[in-house]
Amino acid sequence: MFEKRKVRAHTNIALIKYWGKADEEYIIPLNSSLSLTLNDLYAETSVLFDPALDQDTFYLDGEKQNGSSLKKVQHVLDLVRQQADIEVKARVDSQNFVPTAAGLASSASGMAALAASASLAAGLDLDKKDLSRLARRGSGSASRSIYGGLVQWQKGSNDADSYAIPIDPADWGLGMYFILINKEQKKVSSRSGMKQTVETSPYIEEWARTTDEDVEKMKEAIAQRDFTQMGLLMERSASKMHATTLGAIEPFTYLLPESLHAIQFVQALRQKGFDCYFTMDAGPNVKVLIKEEQKAAIGQLLQEEFGPDKILYSDVGPDIQDITNELG
Ligand code: ADP
Ligand code: DP6
Ligand code: CO
């Protein structure tokens, strides 16, 4: 018999981005990446393998899912079934405490929570490395959400050696503000945006070549707790990533005019003596890396500029957690 299992996984925001796949089926990235796991944005997912079901069902925030959303979940369920040598269908229930598909990394927390809850529910006892490999098959960025703190996804070259490792617990006062430009679902998913870029943008080669070096520089900056260097490297990685999409055919961008305004506002705060740096993912929202000692002052300025309801904050998040005991 199967038990229902529930897991919480936190999102992560990459300081050095993953952008482009060397292998689409196994989700092997072109470059290594490095991220910060966040406490206040997460997903909770429960899975029950139930012999009475004749198909998989997936509810996200109480709504039954179809199409690509269901397919991506079934892909992970199939991998779990293969490993556990079972054929039973499953019911998956997930709650996002993060806007879905808005460039706030819902696929990272969602797929990490799914990989962990489904493998537990199937009776598998995977270690964190194997969980990271499984989550990666659901969404590349999810490989990093297995761990809290600062996390590196080592690109590797195949299914066995492409997984995340924890770099630093980041328990030295880092925080991140989110400037919400638009919480709606984006038109170009991360998956299709990076595919189009890899296939058509001449800039992708330089991106891949220089990004592994950026990861190494970021690790040095982290080891020295050199916050300014971390911030500058983070801005450069995001800017380079967004430059690749402008070289694609057809050219596209995730930036909205308001995103650019927010970026310039963050850079202007530096002129006023605040230590804060921007990053952006596959969506228009802008994230700001800060030190906790400047949280109140920077928060007030961001709220005045963008409105209090447009500003979120999170400090550093933990590893995935088995919360089966919280099942009602
Ligand atoms: P984001 O920037 O939010 O990560 P993506 O385009 O990478 O956007 O991925 C969004 C997709 O991730 C959703 O359309 C859905 O298929 C999947 N997803 C989001 N949240 C969950 C969840 N909690 N459980 C399973 N899949 C999820
Ligand atoms: C810009 O992990 O969402 O957020 O692997 O196709 O599911 P798939 O894409 P996803 O891509 C994330 C891209 C990014 C950068 C990052 O998180 O490293
Ligand atoms: Co994503």
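Rule-based calculations on the coordinates, nothing more; no lab input. Since the structure is predicted, the reported quantities are computational estimates derived from the model, not experimental observations. For neighbour counting, all protein chains shown are included, and Cβ atoms are generated from backbone atoms with ideal geometry for every residue, glycine included.
Among the residues that make up segment 119-135, is at least one of them touching a residue at least 24 places away in the same chain (Cβ under 8 Å) and within 16 Å of ligand 3 (Cβ to nearest atom)?
For segment 119-135, residues touching a residue at least 24 places away in the same chain (Cβ under 8 Å) and within 16 Å of ligand 3 (Cβ to nearest atom): present.
Scan (1) touching a residue at least 12 places away in the same chain (Cβ under 8 Å); (2) in a helix (DSSP H, G or I); (3) out of contact with any Ser or Thr (no Cβ under 8 Å at 6 or more places or on another chain) for the single condition E216 breaks and write down its number.
(1)
Mind checking which residues of segment 1-39 are of a type outside the set (A, V, I, L, M, F, W, C) and closer than 16 Å to P169 by Cα?
Filtering segment 1-39 down to residues of a type outside the set (A, V, I, L, M, F, W, C) leaves 3-6, 8, 10-12, 17-18, 20-21, 23-26, 29, 31-33, 35, 37, 39.
Those that are of a type outside the set (A, V, I, L, M, F, W, C) and closer than 16 Å to P169 by Cα: H10, T11, N12, S35, T37, N39.
Which of the following residues is over 20 Å from the mean Cα position of the chain (by Cα) and assigned to a helix (DSSP H, G or I): V76, V47, V80?
Working: V76 fails: over 20 Å from the mean Cα position of the chain (by Cα); V47 fails: assigned to a helix (DSSP H, G or I).
After applying the criteria, what remains is V80.
If you check S109, S119, S201, S190, which single one turns out to be polar (S, T, N, Q) and more than 16 Å from ligand 1 (Cβ to nearest atom)?
Working: S109 fails: more than 16 Å from ligand 1 (Cβ to nearest atom); S119 fails: more than 16 Å from ligand 1 (Cβ to nearest atom); S190 fails: more than 16 Å from ligand 1 (Cβ to nearest atom).
Just a single option satisfies the conditions, and that option is S201.
Can you find, within segment 39-83, the residue that is nearest to R136 (Cα to Cα) among those that are buried (at least 17 other Cβ atoms within 10 Å of the Cβ) and among the basic types (K, R)?
Checking each candidate, the answer is K72.
Take the residues in segment 177-190 that are crowded, with 19+ Cβ neighbours inside 10 Å and in contact with a Ser or Thr (Cβ under 8 Å, 6 or more places away or on another chain), then tell me which one is farthest from A118 (Cα to Cα).
It comes out as I181.
Among the residues of segment 279-300, how many are surrounded by 24 or more Cβ atoms within 10 Å (Cβ to Cβ) and more than 14 Å from ligand 2 (Cβ to nearest atom)?
2
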